1. List the lysines whose Cα lies under 23 Å from the Cα of B:LYS269, skipping any in the same chain that are fewer than 8 positions away.
2. Considering amide H positions built from the backbone, and no H for Pro or chain starts, which residues 5 or more places from A:LEU166, or on another chain, come under 5 Å of its amide H?
3. Could you bin all the Cα-Cα distances of the stretch B:51-120 into 5 Å bins starting at 0 and give me the percent of pairs in each, rounded to whole numbers?
4. Is there a pair in B:LYS157/B:LYS343; A:LYS141/B:LYS267; B:LYS157/B:LYS372 whose C-alpha atoms are over 21 Å apart, and which pairs would that be?
5. Would you kindly derive the ³J(HN,Hα) couplings of the stretch B:89-96 from the backbone phi angles with the Karplus curve 6.51 cos²θ - 1.76 cosθ + 1.60 (θ = phi - 60°), listing them in order in whole Hz, with x for Gly and Pro?
6. For B:ASP229, what is the net charge nearby, where nearby means another residue's Cβ is under 13 Å from its Cβ and Lys, Arg count +1, Asp, Glu -1?
7. Give me the one-decimal nm value for the distance between modelled label points at A:GLN151 and B:ASP202, 7 Å along each residue's Cα-to-Cβ direction.
8. Using a 4.7 Å Cβ cut-off, which Cys residues in chain B lack a partner cysteine?
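Every read-out reported here was derived from the displayed coordinates using simple, explicitly stated rules and does not represent laboratory data. In this text the structure is predicted, and so the values were computed from the model without any measurement. Note that we place each Cβ from the backbone using ideal geometry, even for glycine, and neighbour counts take in every protein chain shown.
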Amino acid sequence: MMRAVRLVLCLLFLMVCGVASAHKPSDSYLVLNVAGKEVTGQWDIALRDLDVAIGLDQDGNGALTWDEVRGRQDAISAYALSRLALASGGASCPLHVTALLLDDHSDGAYAVLHLQASCAAGITVLDANYRLLFDIDPQHKGLLRLTARGQTSTAIFTPDRPQQALQVEGASRWRQFGDYVLHGVWHIWIGFDHILFLLSLLLPAVLVYGAAGWQGRDTFRGSFIEVLKVVTAFTLAHSVTLTLATLGVVALPSRVVESAIAASVVLAALNNIWPVFERRRAIVAFAFGLIHGFGFASVLLDLGLPQSALLLSLVGFNVGVEIGQLTIVAVFLPLAFAARRTRLYRRVVLVGGSCVITLIALVWLFERVFDFKVIS
Amino acid sequence: MPARFLFAILVWPALFSTAAQAVPYIPKDGRQVVEHLPSRADPVQRELARLRTALNAQPNDVALASSLAQRYIELARVDGDPRYLGYAEAALRPWWTMATPPEQVLVLRATLRQSTHQFPLALTDLDQAVKRDSTNVQAWITRATVQMVTGDFPAAKASCMRLYSRAPQLIVQTCLSNIANVSGQGPASYRQLAATLAAQKDPSPAIRLWVTTLLAEMAARAGDTRAADAYFKAALAVDQADSYLLAAYSDFLLDQNRAPEVASMLKDKTRNDALLLRYALALAAMKSPDAAAQVDALRDRFDAAMLRADTVHQREQARFELVLRKNPALAVKLAKLNWAVQKEPADFRILAECAAASGDADARALVAAWLKQSGLQDATVLPALRQLKVAA
């Protein structure tokens, strides 16, 4: 008879399932708000589920008090954070729990975790890896709502789909392109090594070297053409290597690249003090431009490239670099041309400036070759 | 399924507002009880903890895993909490994705799969189980049930026939009558089952509960309300907490305009979604001021189910939309989606009622076709069929 009872229990069970599963199954609610490179959010996890996973009911009497929950705050945070990872552009965005609250849902009380994360750069695609409770309850689901720039999207995490790349809505193609243009401009302006290299090549562009040393050029047109040749050569060269390195065709160790960039600045500045390749500056700009392109590429790769918009972001970044570069030229050329015939320009700015640049670049070279910090 | 998909996409973002955006708070008093959990002192929980510990030490012990899964499945039935079904699945994890798992895992996996309405997968498991051991009574019963739920009556009948000489007579007859009653042999199957139960000496309470509940439903379908009421009361005398029985009796009472009895019977059982629905229906029928709050609570639960893209509740949701939210257009959509998956009498009834209320031609055609195909005779659907002008 025992056997029959067992059978019937199971059969009855099937009938009950025909009615409806009585309670709500286990879900957690994850709300993430993306703004730039910052992510804030809220994560609601049922206290029932947390109790099964890490034990909340310390006295085991079935009546869970707020003190018991609060007493396990660190364990709750540690458990939750070990089951959720966010990343953007290949770099992880470390998550923190900033507060623990409670909320009453229709099926019971939930722990509410306030979340905060910073990514390395502006987020266009957020990679989320969710593994909460899947080991204990494979029917558990994580329900995500993602908000960015006023747009909302949703996703469901299941044991079959724990990893999802979330396109940040509202990050339109043009917006993405614009972001990368800004990154390019910004990188040139804060990348002193590129600026100093460019300046070292541009300083003598308003002068001619002859038997009597440095003399001012006669026409603005001559100076302009000289600048144009240097800038074009530099641009062509770094565009080639930036593209090749970003697409993964060529790769160089970053320490080699950074050291070579420092060396290029030293050589370009020394050439102003003891001119060696005075008439072939465009060629030098091209040759060293190839190295600088690798430097740009490492920045771009660190930013994280959305595979869906690889070319767009590459072009955007390059356009940004050129805009930043042209802005510097636009400020430099008129000033230098006006001052070209003065002793101040030829002695102090050109020679003195080049000495200072050489010195700085030598320190960089030393730092980068020996991986040692002298100036921050 | 594209309709469901579209529906989910359109409604989803709006749903979050009700499901997950209440106002979080920090309780003022640390001693405040914030949640009730199963007590660790409870004998059932202690037994489960013991089995879990043993299984953790030997996660590949199939006998241990099966008995833990079995306990969880039983607990899900008693308690109504689907989390236990997830725990059961976790216990079976080493065999969960195997094409040919051990036999005891097959029936359990089928049971869990049908609980999430994965009927074809469940049947694949059960076919394999009976092929490997044609004397596996549990597999034949579960197979008959899944086939009946999906409306494959000839196959379900064939599965029941395999129980002859392998299971007690009462179980064989219950299996057969259950199918015959909804496929054109209403009165005969009802009489046969009643006679078999009467002839049985001292059936176990579980079997008595099961058979009397079925007899009550058969009597209601036959329009014999007096007999139905008596059978329901007899079943309640065996177990007054069985949620399937409570839901079935509530439906009967609601049909008989006896809503106040439903309200008092279910007022403390509203953690259960199916019973909350009946409770809210009763309050609405009584024009109680409390009805609105229960409708809101139900909406929260259906919203939460939709957020996780669950379709297990579509029958109840259709009824909710039709009767409590007065939205026949949405109700008929849900009823049709549900009908594509399961075809029990309750599924047919909500389809017919939604078809009548909405005037949906598709749904009406489905109703007419099923009546013709199955030969179902059900007095509780007659009002809707008359409205649809479909011959019963």
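1. Answer for B:LYS269, where 23 Å is the Cα cut-off: A:LYS24, B:LYS233, B:LYS287, listed by chain and number.
2. Here A:LEU126, A:ASP127, A:ALA128 satisfy the definition.
3. P(r) for the stretch B:51-120, in whole percents per bin: 3, 19, 30, 26, 15, 5, 1.
4. A:LYS141/B:LYS267
5. Couplings: 4, 5, 5, 8, 3, x, 10, 4 Hz.
6. Values: positive: B:ARG226, B:LYS233, B:ARG258; negative: B:GLU217, B:ASP224, B:ASP251, B:ASP255, B:GLU261.
Net charge in that neighbourhood comes out at -2.
7. About 7.2 nm separates the two model spin labels.
8. B:CYS354
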